[in-house]
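Here's the structure, in structure tokens; my notes come after.
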Amino acid sequence: MKGARHALKPGIAGLLLIAAIVCGSLMRSSTTGAADPDTQQVTVGEVAGTISQRITAMGTAVTPGAIRIALQDQLPLLGARGFVRVRIVSLDIDVLAGTDYGITGQERSTSAFTWQDRLTLVPIGTHADARPVYVLYLNTGLGEAWGELIIGSAGPTTAEARTSAGWMVAMWSCVGLAVLVALLAFLPPAMKRRNSIQHVPGWYGCIWMLVGLLAMTPVVWVIASRTLTDARLAFARSRDALATAILRASRPQDTDQQWTTTMAYAFHQSLSMSSPGGFIRLLSDGTDPLLLGTDYGSAAELGSNGESRWMNLAPVAGGAVRRLYVTSDSTGASTLEQGTVEPDYWQMRRLRLTLVLAIPLVLLILFGIGCWTHRRHRETKALRTPEETMHAAVLRQALLTMLVVGFTLVPAAGLVAIIYHEASIGRLDQQLQADATVLRGQLRNITSADLPAKSPSLLEGLPVMQNGAVLRIRSGNSNFDVGWYDFEPPLGGVIPTTRMVSNYWDYSLAPGQQLPLRVISASDKLKDGALYSFTLATTFRQVTQDMRELWTAAAWASPLVLLFIALAGVVSARLALRPVAESMRRLDQFTGDAGHELRTPLASIHLNAQVALSQDQQPDEFRKHLTAIASQADRSTRLAESLLLMARLDRQGEVELTPIPLLGIWANLHAAFMDQLRARNLTLETPSEEMSVVANHDLLMVALDNLVENALRYAPEGGTIAVTAHLLDSHVTIAVTDKGPGIPPGALPHIWDRFYRVDDSRSRDSGGSGLGLAIVRKAVEAMGGRVAVTSEVGKGSTFSIVISN
């Protein structure tokens, strides 16, 4: 029953791990056929490069059939609902492979040579759920003609993503519970008894920390709510003022619509640096509405009253719902509506940083107070038992292991973060260089005269606009700025560098904090041959988002890592302290057995002394009692000497081993036991051949003395005790054989234990202490040897010593 209880917790832990594996399988199967959202961008880029190379290699043999063959092995990489569309107008080719979502490539600015975005789409002609599709549009050379390549990688639907997330939570919950159960299974039994938890190091400190955490939760919630409300009010006021400034900057008396449009472009580009995903809608009498940025449809229109408000809107082209602040202003015949995605306020970022630093400090102080309280409380309690002391040492060692491993992981995590950060910057630089190449291609088709009118729209449709971008073009003596950020072009030209600029509208940065930009420059000629140079800059928003995702994943994984470290700490502590625990167990057993053995002769001495002193007796009676006292005292002396010898052998380190002639050992045995052998009419037979063994003389004599003494105790009168020695494979085996009653098979595994007796009453009558064979084993093991025994009930026993020669 006890064994079943011990196996229960490991069994539960195993079942939980099996459940975690099942949940992981269900998590993967719930999104079967959907592309991995984390790798969609990379996969789409690789597929685009492969298809473009294949079509280019066809040369003039580009046909719809050849294109379909080129797409066959690439389509499965985009998910079961992915698609590839190749359109070459000059050759009247329009090939669609995969699911039709109605994507034509005109969902973004028609002047863009390339764009990419994550859209939420529904297949045409079906009632399927909408799913996120990562779309890449390329207007590039395909073979001998110019064409369009549109590639879409379909991810899981919202329902599939939620199901997968649910199974993922269930999987990690099972893993965490399995680790906890395994941790409890490895706790010593004494730690599970009533009140034993009070002896766990830091128990009271953990209680104080838990109470403090519960008390801080509502306080932190109130502070965070108030801070968020104040930040939103300040942000809304700044957006209202900015909408007014855009129209006021366009000179109310000026009827030139081009000036108003230019200002709208400039403000939009500047705002996109701090808040991508926003929009500016310019409404003027007699002209078509101008929409810059993301189209949220009619839901984003404020209506006739023009009252500013917060809205939850989703892009018309698809995407997640975003929270925007929409405001408007009117002057003359123009009305401007502006929508800005809610930022990560610097006030909230500062509050989070403060809480991250302050909460652990407060919890640490509470933990110290709890430990100090426990120490004072423990002073009035009884001392711990040795078992409780050992278990507390196990937990302290586990805690130390957690601290050491934790501090070791901190620099490792920092190194991983640095490498990940550099890789993210590398991806940003690649995108910046690609967009700079596209920008140069656009400028080659623009003349100096058209540059002022067309420069505001050059950035529209570039992928870099997802992070926010500004552009400065210099041609001749004129500068054309798309976005108002003052920065000098980098010296490295096409090599991206970092520039710090003054922050105007980014509410994720505290006042006075500069905005870092990644900047690249290039130069070339316009269509009319005029020289130009431009500087393109973008924010580190994508890098920040990548790092936030990394730290979020680390935050989710850290509790499981801590649980695994705790489990490893407990296991390693128990393994490290197992010899100490075994020594303490043996010490307890040894102390109890020694006390029991010493109590018997001492009680006999006390009794005989009391009888001798209690009444007048004859000298013969006194002699009888004194003889009994002397006998018991002698027995106590032998027991004490045996205990001291055992203690010395327990502490015995390396011993000196030398070649020892065995003929001298046999002579010593005959001399030592001559009287006992004669008293019982026994014969001690020893080998006559010359042989030597590499051993320690004193320890070898101790071992053989005890074996012969044991044989004397059990050999029948008139019998023979045989001592033999054999050399086999560089091992010397010395055996002592008696013709005594033998040893039952069930007792053979225990006869080398201290104070073990096969027949307790007979051993006491014969004067045995139960330590002889234990001393033999200790002495032989100290010399690097081993002991063995064979016995048959009624025929005798043979005890052997095996020593390497």
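What does the net charge come to around residue 681 if you take all other residues with beta carbon closer than 14 Å to its beta carbon, with K and R at +1 and D and E at -1?
+1
Could the peptides 271-283, 155-167 be put in order, highest first, of the mean number of other beta-carbon atoms found within 10 Å of their residues?
271-283, 155-167
Subtract the Cα-Cα distance of residue 575 and residue 513 from 0.36 nm times their separation in residues, and report this length gain in nm to one decimal.
16.9 nm
In nm, to one decimal, how far is the modelled label at residue 453 from the one at residue 533, with both set 7 Å along Cα→Cβ?
2.9 nm
Full-extension gain between residue 94 and residue 173, please, as 0.36 nm times their residue separation minus the C-alpha to C-alpha distance.
Net length gain for the segment: 23.5 nm.
Separation between the residue 69 and residue 211 pseudo-spin-labels, each 7 Å from Cα along Cα→Cβ, expressed in nm?
Taking the simple label geometry, residue 69 and residue 211 are separated by 8.0 nm.
May I ask you to list the residues of segment 337-361 whose amide nitrogen lies under 16 Å from a point 7 Å from Cα along the Cα→beta-carbon direction of residue 220?
Residues passing the 16 Å test: 348-361.
Suppose R0 equals 22 Å; then what is the FRET efficiency for residue 724 and residue 678 from their Cβ-Cβ distance, rounded to the nearest 0.05?
With a Förster radius of 22 Å, E is 0.45.
If each residue of separation counts as 0.36 nm, what is the full-extension length gain between residue 568 and residue 393 once their alpha-carbon separation is subtracted?
Contour length minus the Cα-Cα distance gives 61.5 nm.
Sorting 738, 675, 450 by accessible area (1.4 Å probe), largest first, what list results?
Listed by decreasing accessible area, they come as 675, 450, 738.
The values are calculated or read from the model by the stated rules, or taken from the named source; none is laboratory data. Keep in mind that what you see is a predicted model, and the values were worked out from it rather than measured. In this analysis, Cβ positions are derived from the backbone assuming ideal geometry, glycine residues included, and neighbour counts consider all displayed protein chains. Just the protein is used for accessible areas: all its heavy atoms, side chains included, with ligands, DNA and RNA removed. Shrake-Rupley method; radii C 1.70, N 1.55, O 1.52, S 1.80 Å.
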